[in-house]
Every structure is written in C-alpha cells, then in structure tokens.
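Structure, as structure tokens:
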Amino acid sequence: MNEKPVKDIAIKPKMTTDELIKQYYESGGFTAKKLAIGVDILEKMMKEKDCINFLSFPACICSTGTRGVIKEVIKRKLFDVVITTCGTLDHDLARIWENYYHGHFMADDKELHKKGINRLGNIFIPNKCYGEILEKKMQPILEEAYNEKKSWSTKELIWKFGKKLESEKNKEESIIYWSYKNKIPIFVPGITDGAFGSQVWMYYQNHRDFAIDLLKDEQDLSDIVFDSKKTGALILGGGISKHHTIWWNQFCNGLDYAVYNTTAVEFDGSLSGAQTREAISWGKVKEKADNVTIDGDATIIFPLMISSLIERI
C-alpha cells in the first residue's frame with residue numbers, strides 16, 4: 001500500500017491556476033491528479049532541448065472560446081506542429097468575420113433548421129455566419145492562390161490564407177493568422193471534410209487543374225519526424241487528427257512525451273477512446289515515455305493546463 005496520505009485542497013485568495021493544480025497531486029482526486037501529471041509532462045516537453053512538440057485537436061472546440069487558448073499557444077510558439085480537422089479552418093475563419101452564439105443542448109433542432117441556425121453542441125451558428133460568409137470571403141482568396149500556382153499542400157494553403165488575414169481587424173484572434181505569422185505548420189489530412197474543403201471543391205468545378213497535394217503534406221511531416229531527436233504531443237479528442245499525429249510518430253520510434261485528453265471510452269475499440277498505453281503497443285508512444293490520459297471535456301481541461309503551463313515557463 002502507498003502510505004502517502006491524502007491532503008485536502010486549500011483554496012486561498014489570489015491563488016494562481018498553477019498553485020491550485022500543484023495541489024492536485026496531494027489531493028489524490030481521480031482526474032485531478034492526472035491533470036497535474038499532464039501539466040508536468042507538458043513542462044518537460046517545452047523545456048526539453050531539441051524536442052519537436054505536436055498539438056492535435058478536433059474542430060468542435062474552435063466554435064467555443066477555447067479557440068482563444070489554441071491561438072495563444074501558437075502565438076507563444078509553444079508547439080512546433082499542429083494537426084487538426086477541416087472544421088478548425090471553418091470556425092477560425094468564420095469567426096473573424098461573424099459571431100457564433102450561445103445556445104443549449106436541448107434546443108428544438110427542427111425549429112433551428114427552419115430558422116437557418118446550425119447547432120454544434122450548445123453553440124448556435126446561423127448560416128450567414130458560416131457557409132455564406134465563407135463562400136463570400138474564400139472564393140476571391142482561392143482565385144488569387146490559383147493565379148500563383150495550381151497545386152497547394154494544406155500547410156501552404158493555410159499559410160496563404162493567414163497572409164491574406166493581415167489586413168483584417170480581428171486577425172490576432174485567429175489560429176490561422178498566428179500559424180502563418182510564426183511559420184508553425186498546420187496539417188489537415190481530412191481537408192475536404194468541412195466547409196473550407198467544400199469551397200475548394202466548388203472552386204475546382206471551373207478550375208479542373210486546381211489541386212490539393214496531400215502527399216506534399218505527408219512529405220513535410222516525414223521530414224519533421226525523421227529529423228527529430230525527440231517528440232512530444234498534446235492530443236485533445238480523437239479522430240483523424242489524433243491518429244495522424246501518433247501514426248507519424250511511430251516512424252521516430254514513438255513519442256517521448258504524450259498527453260491525451262478525451263471524453264471517449266476505450267471499450268468500443270475506437271481510436272478516440274484509446275489510452276496512451278494502447279499506442280505503446282503500436283510503437284506510437286515509447287515504452288519509457290512520460291504519458292498520461294486525462295478524462296474530461298477539453299473546454300475545461302485544456303485552458304487549465306495551458307494557464308498552469310504558462311505560469312511555469
């Protein structure tokens with residue numbers, strides 16, 4: 001038996017996030033202790049010389065205020081590589097020009113549909129704030145991109161859009177803008193699975209020689225991984241962005257640091273619910289890696305981790 005006693009959390013005036021999270025070690029509380037371990041691993045990643053750090057996340061959280069935390073870590077250059085889904089581009093761009101709104105999970109979805117309002121969890125997204133504004137703003141940029149060259153990787157096209165945002169009033173709120181500004185690559189392996197990809201497809205209807213070169217992205221990823229001495233990853237949620245991150249890291253014998261944050265269960269065999277220990281069996285996380293899986297909603301867990309991390313570094 002571990003004879004380390006459980007200690008109560010002491011809430012104090014003007015306590016910092018990091019001061020609170022450090023107490024989670026002593027409190028022994030379920031997910032809280034995993035959260036404290038996760039921040040420690042992230043701190044090691046950031047301070048590790050020659051460690052290439054990956055950030056992976058699904059699009060849904062970018063419809064919420066959590067977008068601001070993602071923007072901040074890219075602005076501060078805390079991660080070297082981002083792998084995400086197409087909807088991240090949708091929400092990041094749309095929210096530069098229009099607002100999303102507070103809603104609720106139990107809304108009448110038939111009524112919302114009649115009013116032209118899309119529900120993403122408890123976020124309401126009117127058509128004019130999503131598909132309509134993206135079509136209006138994206139098509140001229142795609143035309144300009146086409147006139148420059150006919151084939152683009154997702155990383156290149158995202159930076160092209162980032163450059164075009166320089167004249168926008170709200171540019172500094174944008175993930176894409178800071179990716180371009182700091183030359184941090186964003187890779188979107190499922191680029192056609194969202195409004196951004198649909199706009200590219202629409203442009204393609206009259207420009208059949210316009211192409212997205214996904215293999216160029218894969219080559220860039222391979223160059224990053226094969227040249228790395230160590231790698232680490234913070235992986236929020238699951239899906240293609242999670243798998244693409246750990247898939248490529250098997251080619252450098254696995255991640256040296258891995259922090260997962262998910263609400264999915266592992267018992268159905270899904271990748272989204274798979275724990276770090278499963279990735280060890282595939283060689284995607286090293287056997288001796290510092291790793292933890294934190295159960296919980298990323299819109300709660302991620303801001304707490306990053307707030308604590310920034311206080312430390």
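The values are calculated or read from the model by the stated rules, or taken from the named source; none is laboratory data. The model shown is predicted, which means the values in this text are computed figures rather than measured ones. Cβ coordinates were reconstructed from backbone atoms using ideal geometry, including for glycine residues, and neighbour counts include every protein chain displayed.
Details
- Near pairs, Cβ below 6 angstrom, 6+ apart or cross-chain, from region 206-231 (of a type in the set (Phe, Trp, Tyr)) to any residue that is in a helix (DSSP H, G or I) and surrounded by fewer than 18 Cβ atoms within 10 Å (Cβ to Cβ): Phe210/Tyr146; Phe210/Tyr204
- Scan region 66-107 for residues that are touching a residue at least 60 places away in the same chain (Cβ under 8 Å) and either in contact with a Gly (Cβ under 6 Å, 6 or more places away or on another chain) or in a loop (DSSP other than H, G, I, E, B) (or both) and the total you get is 10.
- Note on region 160-179: among residues that are touching a strand residue (DSSP E or B) at 6+ places or on another chain (Cβ under 8 Å) and crowded, with 20+ Cβ neighbours inside 10 Å, the one that is nearest to Thr64 (Cα to Cα) is Ile175.
- Meets criteria (among the hydroxyl-bearing types (Ser, Thr, Tyr) and part of a helix (DSSP H, G or I)) for Ser228: no
- The lone criterion from (1) surrounded by 15 or more Cβ atoms within 10 Å (Cβ to Cβ); (2) closer than 23 Å to Trp159 by Cα; (3) of a type outside the set (Asp, Glu) left unmet by Lys77 is number (1).
- Set Ile280, Ile246, Ile313: member being among the aliphatic types (A, V, I, L, M), modelled with pLDDT under 95 and closer than 22 Å to Cys51 by Cβ: Ile313
- Single unsatisfied condition, Gln219 versus (1) touching a helix residue (DSSP H, G or I) at 6+ places or on another chain (Cβ under 6 Å); (2) assigned to a helix (DSSP H, G or I): (1)
- Qualifying positions in region 171-212 - within 17 Å of Ala59 (Cα to Cα) and acidic (Asp, Glu): Glu173, Asp193
- Each residue in region 138-157 was checked for being more than 15 Å from Glu218 (Cα to Cα) and assigned to a helix (DSSP H, G or I), and 11 pass.
- Test for Ile240: is it touching a Pro at 6+ places or on another chain (Cβ under 6 Å), aliphatic (A, V, I, L, M), within 30 Å of Ala145 (Cα to Cα) and crowded, with 17+ Cβ neighbours inside 10 Å: yes
- Of the set (1) in contact (Cβ under 8 Å) with a residue 40 or more places away in the chain; (2) among the hydrophobic types (A, V, I, L, M, F, W, C); (3) buried (at least 21 other Cβ atoms within 10 Å of the Cβ), all apply to Cys51 but (3).
- Among the residues making up region 122-149, those that are touching a His at 6+ places or on another chain (Cβ under 9 Å), within 25 Å of Thr64 (Cβ to Cβ) and not hydroxyl-bearing (Ser, Thr, Tyr) are Asn122, Ile123, Phe124, Ile125.
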